[in-house]
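What follows is a single structure, written as structure tokens, with notes after it.
The values are calculated or read from the model by the stated rules, or taken from the named source; none is laboratory data. Since we're looking at a predicted model, the values are computed, not measured. Every residue, glycine among them, receives a Cβ derived from its backbone with ideal geometry; neighbour counts consider all protein chains shown.
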Amino acid sequence: MNNQLTVNPPVEVEEYASYIEIEKQEIVSSSSAFIGANTIEVNLQDIQRFHIIPVFSKDNEPLISHGDFIQTTYDVINHCFKGEDILSPSIRVSHPIKGRTPEARYKPANQLEDHERTIYYERAMFVFEIPSIQLTIDGQTLSLTIGGVKCYGDDKLNNKKGSSEHFKIFIGFSVKVCSNLCVWSDGAQVKLVVRSQGELMDAIMNMVHLYNPELHLRAMQRLTEHNLTEAQFAQVLGRARLYNYLPNEVKKEIPPLLFTDTQLGSVAKDYFQDNSFCCNENGDINLWRMYNLFTGANKSSYVDSFLERSINAFDFTHQLQSGLTGGSTNWYLN
């Protein structure tokens, strides 16, 4: 690592009262996309300026917006990692909800002017990269990364303000060469429910405080110590394709795999073709590289399933490692 990672303990929201606005000219942007699928890239300034905010229909009170979620996460990062470089957020959104102003209600769609259109996006995902905290695994540089996912469709918009709002938050590392996200369950909350922005801030702070980056990194580093032969790799992928079609009672006894057939096809293709993580000349591939083939394939996931599959990619690879070392039997290998 370039810098020793020190996480400050969480503080009460009242002690951290003022927000620190993100100034575009002061922070350099991340470049590579961490997710593709049906998303588009937006910036925080446009979200804050142009995107309308959904409300709870019974009292017209606003939800915590995508912009507020991103800003709150930045405030926590800035507090916990003082003195570190923090890049501006890379933000991807999907599922646009379009509308129009009342005065334009009778206009044909092709005649609407910009000021007569309204929009917000049902789903958003963002990451903050901290490039001053990084290390190398198998020749690849990783940077500390923190982010979140928000899908308004998870909230009950027909309720009143005070109803629970749902978020997903995570902290882990991203691989610089490809922006693959490396997240495990100890650094993520996929079912975070809060009632206020203050509760959201506390949850993010607690996640950062409890995360053990050294433990996570050691677990990923150990993946480089174990290889699959070409025959083993082919068997794992073949059984992975069978998994979704197994009887439910059989599935219950096997570690789940959340990836689609199309994504498994991408893993197979990149086993031969990926410039950074393909097999070696003998057809062998270490588990760190295989893990990155899965996280690379995960970029085709929709926002609402991305984080769960990201965690599943690590769990699945770790279970293969346990099977190779004799720690447990593994259906995909046997």
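Residue-wise test of (1) touching a helix residue (DSSP H, G or I) at 6+ places or on another chain (Cβ under 8 Å); (2) on the phi > 0 side of the Ramachandran plot.
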| site | (1), (2) |
| --- | --- |
| 103 | yes, no |
| 122 | yes, no |
| 125 | yes, no |
| 130 | yes, no |
| 139 | no, yes |
| 157 | no, no |
Can you tell me which residue among 162, 172, 153 is more than 19 Å from residue 57 (Cα to Cα) and small (Gly, Ala, Ser)?
-> 172
State the number of residues belonging to region 152-174 that are within 17 Å of residue 91 (Cα to Cα) and over 13 Å from the mean Cα position of the chain (by Cα).
-> 1
Give region 197-224 a look and list any residue that's out of contact with any Leu (no Cβ under 6 Å at 6 or more places or on another chain) and without any contact (Cβ under 8 Å) to a residue 40 or more places away in the chain, or say none.
-> 199, 207, 210, 212, 215, 218
With respect to residue 174, determine if the residue is surrounded by 21 or more Cβ atoms within 10 Å (Cβ to Cβ), touching a residue at least 24 places away in the same chain (Cβ under 8 Å), assigned by TED's automatic domain parsing to the domain that holds residue 50 and not in a loop (DSSP other than H, G, I, E, B).
-> yes
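Can you give me the number of residues within region 242-270 that are farther than 13 Å from residue 331 by Cβ and either surrounded by 13 or more Cβ atoms within 10 Å (Cβ to Cβ) or of a type outside the set (Phe, Trp, Tyr) (or both)? Please lay out each step first, then the result.
First pass over region 242-270, keeping only residues farther than 13 Å from residue 331 by Cβ: 244-245, 247-249, 258-270.
Cutting the leftovers down to either surrounded by 13 or more Cβ atoms within 10 Å (Cβ to Cβ) or of a type outside the set (Phe, Trp, Tyr) (or both) gives us 244, 247-249, 258-270.
Looking only at that region, the number is 17.
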Inside region 244-265, the number of residues satisfying the requirement of being more than 19 Å from the chain's Cα centre (by Cα), polar (S, T, N, Q) and at pLDDT 95 or above is 1
Mind listing whichever residues of region 266-293 are among the aromatic types (Phe, Trp, Tyr) and more than 25 Å from the chain's Cα centre (by Cα)?
-> 272
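It is to be established whether one or more residues within region 279-291 are among the basic types (Lys, Arg), touching a residue at least 40 places away in the same chain (Cβ under 8 Å) and out of contact with any Pro (no Cβ under 8 Å at 6 or more places or on another chain). Lay out the reasoning, then the answer.
At the first step, the residues of region 279-291 found to be among the basic types (Lys, Arg) are 289.
Next, from what is left, pick out any that are touching a residue at least 40 places away in the same chain (Cβ under 8 Å): 289.
With the extra rule that they be out of contact with any Pro (no Cβ under 8 Å at 6 or more places or on another chain), the set shrinks to 289.
Yes, region 279-291 contains at least one residue that is among the basic types (Lys, Arg), touching a residue at least 40 places away in the same chain (Cβ under 8 Å) and out of contact with any Pro (no Cβ under 8 Å at 6 or more places or on another chain).
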From the list 245, 271, which residue is in a helix (DSSP H, G or I) and among the aromatic types (Phe, Trp, Tyr)?
-> 271
Please work out which one of (1) surrounded by fewer than 20 Cβ atoms within 10 Å (Cβ to Cβ); (2) among the aliphatic types (A, V, I, L, M); (3) modelled with pLDDT of 95 or more is the condition residue 290 fails and give its number.
-> (1)
Some residue of region 178-196 being at pLDDT below 95, closer than 27 Å to residue 296 by Cβ and not in a strand (DSSP E or B) | yes
Within region 35-81, track down each residue that is in contact (Cβ under 8 Å) with a residue 40 or more places away in the chain and charged (D, E, K, R).
-> 41, 58, 59, 61, 68, 75
